[in-house]
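Laboratory data are not the source of any read-out in this text; all were calculated from the coordinates shown. This structure is a prediction, so every number in the text was calculated from the model and none was measured. Cβ placement follows ideal geometry from the backbone for every residue including glycine, while neighbour counts extend to all protein chains displayed.
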Amino acid sequence: MSVASRIKICTTLLPTGAVTVNEIREIFGYEGVEGGDERLVSLNFAKYKDLSQYQINASKGGDTNEEEPKNGTPNDDGASDTE
């Protein structure tokens, strides 16, 4: 199989979680790397096992405790433009 064909297969399968980073490395004759057996999926490449938790947090509006500035936007020193 040509290198171009292997690259096309890998770029198609990696984002779907069908292959791991180490499986791709094996296709190209490289040794595996630590953590390379975790399946990644396109969602900014989250670990497959974390997807459910991500969806739960997303439906609650995220995981932030920060509030929007009430009086304009903060400057570099943290002060508001309107202060």
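Would you mind counting up the charge near G36? Only other residues with Cβ under 11 Å from its Cβ, with Lys and Arg at +1 and Asp and Glu at -1. Once all neighbours under 11 Å are counted, the net charge is -4. Amide H contacts of V41: A46, Y48, each under 5 Å away and 5 or more positions distant or on a separate chain (H built 1.01 Å from N in the peptide plane; Pro and chain starts excluded).
On the basis of the beta-carbon distance and an R0 of 30 Å, A4 and D37 show a calculated FRET efficiency of 0.70.
Residues in the range 24-31 carry Karplus couplings, in order, of 5, 4, 5, 4, 9, x, 9, 6 Hz; the curve used is 6.51 cos²θ - 1.76 cosθ + 1.60 with θ = phi - 60°, and Gly or Pro positions show x.
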